[in-house]
Amino acid sequence: MYNTFPIEKLNKVETPFYYYNMRLLDNTLKVIKQEADKYDYHIHYAVKANANKRILERVNAFGFGADCVSGNEVSASLAAGFPNSKVVFAGVGKADKEIITGLENDIACFNVESIPELEVIDEIAARMKKTARVALRINPNVKANTHKYITTGLEENKFGIYLWDLEKVLDKVKQLDNIKFVGIHFHIGSQINDLDSYKMLCTRINELQELFVKRRNIPTIINVGGGLGIDYENPDENPMPDFEAFFKIFDDFLELKKGQEVHFELGRSVVGQCGTLMSKVLYVKEGINTDFAIIDAGMSDLIRPALYQAYHKIENLTSEHEENKYDVVGPICESSDCFGKAVSLPATVRGDLIAIRSAGAYGEVMANQYNLRPLPIAIYSDEME
Ligand SMILES: Cc1ncc(COP(=O)(O)O)c(C=O)c1O
Ligand SMILES: N[C@@H](CCCC[NH3+])C(=O)O
């Protein structure tokens, strides 16, 4: 098992903190590389999932690229060693100074979502005497079976260029001297476990390719985004998703034109399972239906349960007593500051070490200082050996 925690050592660290299992991260990266290499697929890591320098450096060591959504993510990726030729900059609202950062560093590609954005990039590139390589993010109107806040590929979402606007956008690209059209980009949502959604995406892309053939303007890059889900219920039994099946879907269903490359932007599936939020029980308080285990981590440290009603497995690492049910809550002045209701835990007392699992993606990176709390720190397994 990957996640046998070094409890004695962890117990000495001031809580709350994120603990990263670097061996699991390495193994996950190894499997992704092995499976993607079968088809010469290009992997970019979605930095937004976890931008810790140690993690970025590890991902870069495997030769993957970086998918960034802000100027600061571009800078952090370059600082962690990613070559500029593997840095991509996406996002629906790029500010001028972020575009300048991308152009100054000659990044591989901007994923562009609208005509006004194309015009601004062209104007800035002209001023800087540069050419911006651009992939068009297309909203494929494919429904991903996931939480409504994390679908992105539907017409009602703010992301991407609508299919009916695509010809107009391609005409615009042709008129702009400082824009070079290199690819098309899609992303249908996050935490997707039903691979059929990806089959539908492949079909939609195959249909779209006809338009590019007709216009004799074939994009080199087909970026199919990320979104592969992880098993939040069973992190030990399923420490990584089935990457083999995932990549095979694209090999089976995506029809490529000569010279086309397939790119992926995986975030959660890379780092989700290697991170755990560690916290200690401050108080156990009797409730009407269930008791409350009040812990020293709050929604400021891990906002997913409060924001998306997301499930994270909760474990008491230091008690072996008989089980009882607890509402596991944080110290923050919000009723939504709750990590789980009626959670079965071994009888819990003040000082017990609580692990909130599968918190490596969209955990630490979404932490904030609400209630003027300090940001959680990060501890890496290889520093504890
Ligand atoms: C455009 C884009 N690419 C990649 C990702 C990474 O997604 P995930 O972490 O689900 O793999 C996201 C987040 O949903 C995204 O919006
Ligand atoms: N933050 C979301 C995922 C967003 C993905 C980015 N588009 C989560 O925690 O599940």
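Derivation of every value follows stated rules applied to the coordinates shown; laboratory data play no part. All figures in this text were calculated on a predicted structure; none of them were measured in a lab. As a convention, Cβ positions derive from the backbone with ideal geometry for all residues, glycine included, and neighbour counts pool all protein chains shown.
Which of the listed residues, ASN139, TYR45, THR4, is farthest toward the dipole's positive end in region 1-150, when Lys, Arg count +1 and Asp, Glu count -1 at the beta-carbon?
It is THR4.
What list do you get for CYS109, CYS68 if you sort them by fewest beta carbons within 10 Å? Don't skip to the end; give the middle numbers.
Values: CYS109 26, CYS68 31.
Ascending number of Cβ neighbours within 10 Å: CYS109, CYS68.
What FRET efficiency do you get for ILE288 and ILE7 if R0 is 41 Å and r is their Cβ-Cβ distance, rounded to the nearest 0.05? Before the final figure, lay out each step's value.
Working: r = 33 Å, r/R0 = 0.80.
Once the sixth-power term is evaluated, E becomes 0.80.
Cα atoms only, region 273-383: Rg and Dmax in Å?
13.3, 43
In the calculated pair distance distribution of the chain, what percentage of Cα-Cα distances lie above 33 Å? Let's see the in-between values first.
On the way: 25400 of 73920 pairs.
That tail contains 34 percent of the Cα-Cα pairs.
Can you sort PHE5, PHE246, PHE186 from fewest to most other Cβ atoms within 10 Å of each residue's own Cβ? Mind showing how you got there, number by number?
On the way: PHE5 18, PHE246 21, PHE186 27.
Final ranking by Cβ density, sparse to dense: PHE5, PHE246, PHE186.
Taking H as built 1.01 Å from N, whose amide H comes closer than 5 Å to the amide H of GLY65, not counting residues under 5 places away?
HN-HN under 5 Å from GLY65: ILE43, HIS44, TYR45.
Enumerate by residue number the trypsin sites (Lys or Arg not before Pro) in region 237-341 meeting two conditions: DSSP loop (anything except H, G, I, E, B), and at most 13 other Cβ atoms within 10 Å of the site's Cβ. All intermediate terms of the calculation are to be shown ahead of the outcome.
On the way: sites: LYS248, LYS257, LYS258, ARG268, LYS280, LYS285, LYS313, LYS325, LYS341; in loops: LYS257, LYS258, LYS313.
The qualifying sites are LYS257, LYS258.
List the residues whose amide H sits under 5 Å from the amide H of THR318, counting only those 5 or more places along or on another chain, with H placed 1.01 Å from N in the peptide plane.
Here the answer is LEU353, since their amide H atoms fall under 5 Å of that of THR318.
In nm, give the distance between the simple-model label positions of LYS158 and GLN175, each being 7 Å from the Cα along the Cα-to-Cβ direction.
Between LYS158 and GLN175, the label points sit 2.6 nm apart.
If each of GLN369 and ARG216 carries a label point 7 Å out from its Cα toward its Cβ, how far apart are those two points in nm?
Output for this residue pair reads 5.9 nm.
Considering the convex hull of the alpha carbon atoms of region 102-245, report its projected area averaged over all viewing directions, in nm², one decimal.
Working: hull surface 40.2 nm².
For the Cα atoms of region 102-245, the hull's average projected area reads 10.0 nm².
Would you work out the charge dipole size for region 273-383 about its Cα centre, treating the Cβ of every Lys and Arg as +1 and the Cβ of every Asp and Glu as -1, and quote it to the nearest 20 debye?
Its charge dipole is roughly 260 debye.
Step through the residues of region 168-185 one at a time and calculate ³J(HN,Hα) from phi using the Karplus curve (6.51 cos²θ - 1.76 cosθ + 1.60, θ = phi - 60°), rounding each to whole Hz and writing x for Gly and Pro.
Running phi through 6.51 cos²θ - 1.76 cosθ + 1.60 with θ = phi - 60° gives 4, 5, 5, 4, 4, 3, 4, 7, 8, 6, 9, 10, 10, 7, 10, x, 10, 9 Hz.
Pop out the ³J(HN,Hα) list for region 364-373 in order, Karplus 6.51 cos²θ - 1.76 cosθ + 1.60 with θ = phi - 60°, rounded to Hz; leave Gly and Pro as x.
Working through the residues one at a time gives 4, 6, 9, 5, 9, 10, 3, 6, 6, 7 Hz.
Which three numbers, in whole Å and largest first, are the semi-axes of the equivalent ellipsoid of region 1-75 derived from its Cα gyration tensor as √(5λ)?
Values: eigenvalues 145, 68, 11 Å².
Whole-Å semi-axes of the equivalent ellipsoid: 27, 18, 8.
Could you list HIS312, HIS321, HIS185 in order of exposure, starting from the residue whose Cβ has the fewest other Cβ atoms within 10 Å?
Values: HIS312 21, HIS321 12, HIS185 27.
Lowest count first: HIS321, HIS312, HIS185.
Which whole-Hz couplings ³J(HN,Hα) result when phi for each residue of region 33-46 is put into the Karplus expression 6.51 cos²θ - 1.76 cosθ + 1.60, θ = phi - 60°, listed in order with x for Gly and Pro?
Per-residue couplings from phi come out as 4, 4, 6, 6, 5, 4, 10, 6, 6, 9, 10, 10, 7, 6 Hz.
So, by mean Cβ neighbours within 10 angstrom, what's the order for 34-44, 374-384 with the highest one leading?
On the way: 34-44: 16.5, 374-384: 15.0.
Per-residue mean Cβ counts within 10 Å order the peptides as 34-44, 374-384.
What angle do you read, to the nearest 10 degrees and between 0 and 90, between the alpha-carbon axis of helix 196-214 and the longest principal axis of the chain?
20 degrees
Where Lys and Arg each count +1 and Asp and Glu each count -1, what net charge lies around ARG58 among other residues with Cβ under 14 Å from its Cβ?
Numbers: positive: ARG23, LYS30, LYS33, LYS53, ARG54; negative: ASP26, GLU57, ASP382, GLU383.
Net charge in that neighbourhood comes out at +1.
Quick one, can you get me the convex hull of the C-alpha atoms of region 57-145 expressed as volume per residue in Å³? Walk me through the intermediate numbers first.
Numbers: hull volume 9.5 nm³, N = 89.
Spelled out: Cα convex hull of region 57-145, divided by residues, is 106 Å³.
With point charges of +1 on the Cβ of Lys and Arg and -1 on the Cβ of Asp and Glu, referenced to the Cα centre of the chain, which listed residue (LEU56, ASN289, VAL349) lies farthest in the positive direction of the dipole?
Ranked along the dipole, the leading option is LEU56.
Quickly estimate the mean residue ellipticity at 222 nm for the chain, helices only: each DSSP H run with n ≥ 4 gives -39500 (n - 2.57), and the total goes over all residues, rounded to 500. Write down the numbers at each step before the final one.
Numbers: 11 runs with 109 residues, N = 385.
When only DSSP H runs of four or more count, the value is -8500 deg cm²/dmol.
Amide H to amide H under 5 Å from ASN223: which residues, 5+ apart in sequence or cross-chain, H placed 1.01 Å off N in plane?
Excluding prolines and chain starts, which carry no amide H, the hits are ILE184, HIS185, PHE186, HIS263.
Taking the Cα centre of each part, how many Å lie between region 294-344 and region 176-207?
36 Å
How much length, in nm to one decimal, is gained on full extension between ALA126 and GLU255, taken as 0.36 nm per residue of separation minus their Cα-Cα distance?
Values: separation 129, 0.36 × 129 = 46.44 nm, distance 3.55 nm.
Extra length available between ALA126 and GLU255 comes to 42.9 nm.
Over region 28-154, how many pairs of lysines fall under 25 Å by alpha carbon, counting only those 8 or more apart in sequence or from different chains?
Summing the qualifying lysine pairs gives 25.
Magnitude of the Cβ-charge dipole of region 22-271, K/R +1 and D/E -1, about the Cα centre, nearest 20 debye? Intermediate results must be reported in sequence, preceding the final value.
Working: 32 positive and 37 negative charges, 145 e Å.
Using Cβ point charges on Lys, Arg, Asp and Glu, region 22-271 gives about 700 debye.
Using Cα pairs under 8 angstrom and six or more residues apart, how large is the relative contact order of region 243-385, in percent?
Values: 256 pairs, mean separation 42.1, N = 143.
Relative contact order here is 29 percent.
Can you say what percent of the DSSP beta bridges in the chain, counting only those with both residues inside, are antiparallel? Round to 5. Walk me through the intermediate numbers first.
Details: 22 of 60 bridges.
In the chain, approximately 35 percent of DSSP beta bridges are antiparallel ones.
For the residue pair LEU195 and GLU167, what label-to-label distance in nm results when each label sits 7 Å from Cα along the Cα-to-beta-carbon direction?
Once both label points are built, they end up 3.7 nm from each other.
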